[in-house]
1. Take Glu88 and Asn46, extend 7 Å from each Cα along the Cα→Cβ direction, and tell me the distance between the two endpoints in nm.
2. Starting from the Cα-Cα distance between Asn71 and Lys25, subtract it from 0.36 nm times their residue separation and give me the gain in nm to one decimal.
3. How far apart, in nm, are two points set 7 Å out from the Cα along the Cα-to-Cβ line at Ala63 and at Glu78?
4. For the range 18-89, report the translational diffusion coefficient in µm²/s to the nearest whole number, using Stokes-Einstein at 10 °C, 1.306 mPa s, and a Kirkwood Rh over Cα pairs.
5. Ranking Asp21, Asp64 by Cβ neighbours within 10 Å, fewest first, what do you get?
6. Hey, what's the Cα Rg ratio for the range 49-94 versus the globular rule of thumb, 2.2 N^0.38 Å?
7. Compare the peptides 73-79, 56-62 by average per-residue count of other Cβ atoms within 10 angstrom and give them in order, highest first.
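Read-outs throughout are calculated quantities, based only on the coordinates presented, and are distinct from any laboratory measurement. A quick note: this is a predicted structure, and the numbers were derived from the prediction, not measured. Cβ: placed from backbone, ideal geometry, glycine included. Neighbour counts: every protein chain shown.
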Amino acid sequence: MEVLSIMPNSKSDFKEILEYDIYVKMPIEDTHLLGYLAEAEEHLMNIRHSENVENAVKIIVPADLLTEVLNMLEILKEEINLEILYYEPNPGHS
């Protein structure tokens, strides 16, 4: 019986994007609305104040929920003055 290796060939082969950071510019006083949404759906997002972008909020989302959260933010634009600045893979804890 042949045994197949499932170990990566190198450290770079092991990197999988698990989370994304979405940077959203919005009035800080409205972040509680995003908090309500995060509490309503378990593991949907984690909201932080951005240290990289002034007057922005960083939203950390699981990779498989990125599209869902981006769509939700687009809908929220009708209710909240917000702008999706950009998103990028979360660097994780190296």
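1. Going from the Glu88 label point to the Asn46 one covers 1.8 nm.
2. Numbers: separation 46, 0.36 × 46 = 16.56 nm, distance 1.59 nm.
That pair, Asn71 and Lys25, stretches by 15.0 nm at full extension.
3. Output for this residue pair reads 3.2 nm.
4. Numbers: Rh = 12.0 Å.
Taking Rh from Cα pairs, D becomes 132 µm²/s.
5. On the way: Asp21 18, Asp64 9.
If I rank by nearby Cβ atoms, fewest first, I get Asp64, Asp21.
6. My calculation over the Cα atoms of the range 49-94 gives 1.23.
7. Details: 73-79: 12.1, 56-62: 19.9.
Order by mean packing, descending: 56-62, 73-79.
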